[in-house]
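Student: What follows is a single structure, and I will ask about it in a moment.
Throughout, read-outs are computed from the coordinates displayed, never taken from laboratory work. Quick caveat, the model's predicted, so the values are computed rather than measured. FYI the Cβ positions are ideal-geometry reconstructions off the backbone, even for glycines, and counts take in every protein chain you see.
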Amino acid sequence: MELLVASAIGVLTAGGIYLMLRLRTFPVILGISLLTYAVNVFLFASGRLAIGGPPILRDGVEFYSDPLPQALVLTAIVISFGMTAVVVMIALGAYLGADDDRVDDPAETERGDAT
């Protein structure tokens with residue numbers, strides 16, 4: 001189980017970094033989302049992968065699941081949703097302002113603005 005989760009984190013991170021290195025805004029946004037998913041899975045796995053354990057420690061219970069990583073993941077989901085909405089609006093504004101969704105800024109001679 002740990003190998004599967006670690007592999008999923010690695011694949012999500014690699015895919016996110018690959019997409020963030022693209023030259024268009026939509027793949028960059030998807031790459032950021034994949035990286036946030038990788039961080040969420042990492043945070044969730046940091047609290048041990050336990051099935052059927054109570055969320056709090058009581059008398060007589062030897063095995064319990066830690067609720068702190070679950071709370072951190074819920075907070076990270078809300079923050080990543082807000083961040084994605086802001087990035088989408090910035091990308092949409094840049095696209096509507098320049099009629100192009102490229103991330104890099106082309107040189108002046110490539111756009112035809114040179115005198």
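Student: Does anyone have the angle between helix 2-20 and the longest principal axis of the chain? Alpha-carbon axes, 0 to 90°, nearest 10?
Tutor: Helix 2-20 sits roughly 10 degrees off the main axis of the chain.
Student: Kindly write out, for the stretch 42-55 in residue order, the coupling ³J(HN,Hα) from the Karplus curve 6.51 cos²θ - 1.76 cosθ + 1.60 (θ = phi - 60°), rounded to whole Hz, with x marking Gly and Pro.
Tutor: Result, rounded to whole Hz: 5, 4, 5, 6, 5, x, 6, 8, 10, 10, x, x, x, x.
Student: Once the dipole of the chain is set up with Lys and Arg at +1 and Asp and Glu at -1 on Cβ about the Cα centre, which of Gly47, Leu72, Thr36 lies farthest towards its positive end?
Tutor: Gly47
Student: Still on this structure: In the stretch 3-58, what trypsin sites (Lys or Arg not before Pro) fall in a loop by DSSP, with at most 16 other Cβ atoms inside 10 Å?
Tutor: Taking the stretch 3-58 and a limit of 16 other Cβ atoms within 10 Å, the loop trypsin sites (Lys or Arg not before Pro) found are Arg22, Arg48, Arg58.
Student: Explain nothing, just the number: dipole magnitude of the chain about its Cα centre with +1 on each Lys and Arg Cβ and -1 on each Asp and Glu Cβ, in debye rounded to the nearest 20.
Tutor: Around 380 debye, computed over the chain.
Student: If contacts are Cα pairs under 8 angstrom and at least 6 residues apart, what is the relative contact order of the chain in percent? Before the final figure, lay out the partial values.
Tutor: Numbers: 100 pairs, mean separation 26.5, N = 115.
Relative contact order of the chain: 23 percent.
Student: Can you tell which of Leu21, Leu96, Thr84 lies farthest toward the positive end of the dipole of the chain, using +1 and -1 charges on the Cβ of basic and acidic side chains (Lys, Arg; Asp, Glu)?
Tutor: Towards the positive end, the residue furthest out is Thr84.
Student: Shifting gears a bit: Relative contact order for the stretch 10-54 using alpha-carbon pairs under 8 Å, separation at least 6, rounded to a whole percent?
Tutor: Working: 32 pairs, mean separation 15.5, N = 45.
Answer for the stretch 10-54 is 34 percent.
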